[in-house]
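Okay, structure first, notes after.
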Amino acid sequence: MSGFKLTIEYQGTRYRGWQEQKNARTVQGELRKAAEELFGTAVDLGGAGRTDAGVHALAQVAHLKVSRPLAPNRIHEGLNAGLPRDIHVLSVEAVSHRFHARHDAAARYYLYQISRRRTALLVPFVWWVKDPLDVRAMQIVAAALRGLHDFRSFNDRSRPDESTKVKVDSAEVGEAGEMILFRLGASHFLWKMVRRLVGALVEVGRGALDGDEMLGWLSEPSKRAAEWTAPPSGLFLERVLYADDAPPGRLVPAIGRFPQTAHSR
């Protein structure tokens, strides 16, 4: 059995998320079709995170396990030849067949883009908020999200046996021209957690929600955050970290960022 680590970028607009579903077009489903066509047999394929419908990725990571060995550059070229234009494999690396994209991941980083102006070109990649936003107020609240907290208020649903406590390693709000950017890094995420945090932060920025009240929901659960779930268009899975990987650097917009890889095509 041969193992490979795939790093993938995709525009999620046309897909029902990463995870394969019956009767729905997904990123994982498209990648599996391309891989099985390339190898002529079933493959073991899994991703590091389950992005929701309409959510994008700058560097999703997947493991690919196959019985027939093939050089990484051949896999890279073959997969991209069989994929639609809005899914692109950035790199293919030979790894142990024991490598698991999700179980071995140490942290995930998500990036959300808010546009302060109406835009024709970036509609699929931002949330346009018409009202003026107090960025400093948003930054203060975001910084307080770091550490171990109960994010039950920002979770759409969970299994009875699933903990809603998440250790947040990084939370920051920054500005880049007409963009307001929010980055959140943690070991794992709850369903719609980032989008509900963004929605509540925007209400803080508008002055419609007190920052202390929002932070109070980390100890006293509230259903109010569900009213402000941000749209998926502005959300990107930015990075997946493994042992010894450094966290993302300077906070910059996703669009226009082109990672350089050894096997870029």
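Taken together, the residues in region 146-187 that are more than 15 Å from Leu111 (Cα to Cα) and buried (at least 16 other Cβ atoms within 10 Å of the Cβ) amount to 9. Screening Asp52, Asp86, Asp44 for residues that are more than 20 Å from Leu241 (Cβ to Cβ), among the acidic types (Asp, Glu) and within 15 Å of the chain's Cα centre (by Cα) leaves exactly one candidate, Asp52. Does region 154-177 include one or more residues that are touching a helix residue (DSSP H, G or I) at 6+ places or on another chain (Cβ under 6 Å), among the small types (Gly, Ala, Ser) and over 14 Å from Ala226 (Cβ atoms)? Yes. Would you say Gln28 is of a type outside the set (Ser, Thr, Tyr), under 24 Å from Tyr110 (Cβ atoms) and touching a residue at least 60 places away in the same chain (Cβ under 8 Å)? Taking the combined requirement at face value, the residue does not satisfy it. Here Gly49 meets each of (1) farther than 15 Å from Arg239 by Cβ; (2) at pLDDT below 95; (3) of a type in the set (Gly, Ala, Ser) with one exception, condition (1). Candidates are the residues of region 11-25 that are in contact with a His (Cβ under 9 Å, 6 or more places away or on another chain) and either in a helix (DSSP H, G or I) or of a type in the set (A, V, I, L, M) (or both); the one that is surrounded by the most Cβ atoms within 10 Å (Cβ to Cβ) is Gly12.
Any residue at all in region 221-240 that's crowded, with 18+ Cβ neighbours inside 10 Å, outside the structural domain of Gly49 (by TED's automatic domain parsing), under 17 Å from the mean Cα position of the chain (by Cα) and at pLDDT below 95? No, the conditions are met nowhere in region 221-240. Looking only at region 65-72, decide whether some residue is modelled with pLDDT of 95 or more and under 24 Å from the mean Cα position of the chain (by Cα). Yes. The number of residues in region 85-103 being without any contact (Cβ under 8 Å) to a residue 60 or more places away in the chain and within 19 Å of Thr13 (Cα to Cα) comes to 1. Of the residues making up region 110-132, just one is in contact (Cβ under 8 Å) with a residue 40 or more places away in the chain and of a type in the set (Gly, Ala, Ser), namely Ser115.
Among the residues of region 1-56, those that are over 17 Å from Leu90 (Cα atoms) and of a type in the set (Val, Ile, Thr) comprise Thr13, Thr26, Thr41, Val43, Thr51, Val55. Residues in region 133-143 that are over 25 Å from Tyr242 (Cα atoms) and either touching a residue at least 12 places away in the same chain (Cβ under 8 Å) or in contact with a Pro (Cβ under 9 Å, 6 or more places away or on another chain) (or both): Leu133, Asp134, Val135, Ala137, Met138, Gln139, Ile140, Val141.
The values are calculated or read from the model by the stated rules, or taken from the named source; none is laboratory data. Values in this document were obtained by computation on a predicted structure and should not be read as measured data. Ideal geometry is used to build each Cβ from the backbone, glycine not excepted, and the neighbour counts take in all protein chains shown.
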